[in-house]
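First up is the structure itself, then whatever we jot down about it.
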Amino acid sequence: MSRRIFLVFAFLSLTLSQSPLCVAQGVLSNGPSWSNLTKAQKETLATLEEDWNTLSIEQRNKWVHLSNRYEKLPTDDRELLKSRMSDWAKLSPSDRRVARANFINSLNIPNDKKAEAWEAYRQLSPEERKQLTEEAAEKNKTKKPSLVNSPTLKN
């Protein structure tokens with residue numbers, strides 16, 4: 001019996017302890033604080049600095065892992081990533097919730113249908129695109145609050 005208890009405690013201590021690699025990469029059990037990030041990580045994640053403390057532990061850890069891979073990315077991919085991070089940082093919390101929900105919903109749509117819809121959208125004139133945007137905004141105003149469009153529901 002005591003051997004079994006010892007094995008359980010040993011397993012738990014191994015799985016719950018911080019590995020040196022995680023600590024070196026800035027990934028801590030309570031999430032990395034901005035001050036614990038390396039200079040390179042801070043440079044990569046600079047657009048998120050203002051919102052860093054509002055991110056969940058999981059989000060912080062994902063961003064840290066991404067920043068650790070950043071230098072290995074091709075230049076074009078780095079520029080695209082920086083641009084998207086900047087755009088994301090500019091979104092309000094409610095817009096971020098909508099973006100997350102839209103992403104999750106898009107996973108159920110086959111890729112060929114998405115490509116077809118994107119191509120049809122690209123063929124529209126700027127006026128037609130603006131009209132679609134206005135119609136969507138008007139439609140969303142009449143919806144009842146939900147996880148996606150309610151400003152009071154948190155991430």
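Give the residue, chosen from Ile57, Ile104, that is farther than 15 Å from Ala46 by Cα, β-branched (Val, Ile, Thr), within 15 Å of the chain's Cα centre (by Cα) and surrounded by 13 or more Cβ atoms within 10 Å (Cβ to Cβ).
Numbers: Ile104 fails: surrounded by 13 or more Cβ atoms within 10 Å (Cβ to Cβ).
Every option except Ile57 fails the conditions.
Each residue in the stretch 70-87 was checked for being part of a loop (DSSP other than H, G, I, E, B) and exposed (fewer than 12 other Cβ atoms within 10 Å of the Cβ), and 3 of them qualify.
Just so you know, all these numbers are worked out from the coordinates, no wet-lab data involved. What you see is a predicted model, and the numbers here were worked out from it, not measured in a lab. Because the Cβ atoms are built from the backbone with ideal geometry, glycine has one as well, and the counts that use them run over all protein chains shown.
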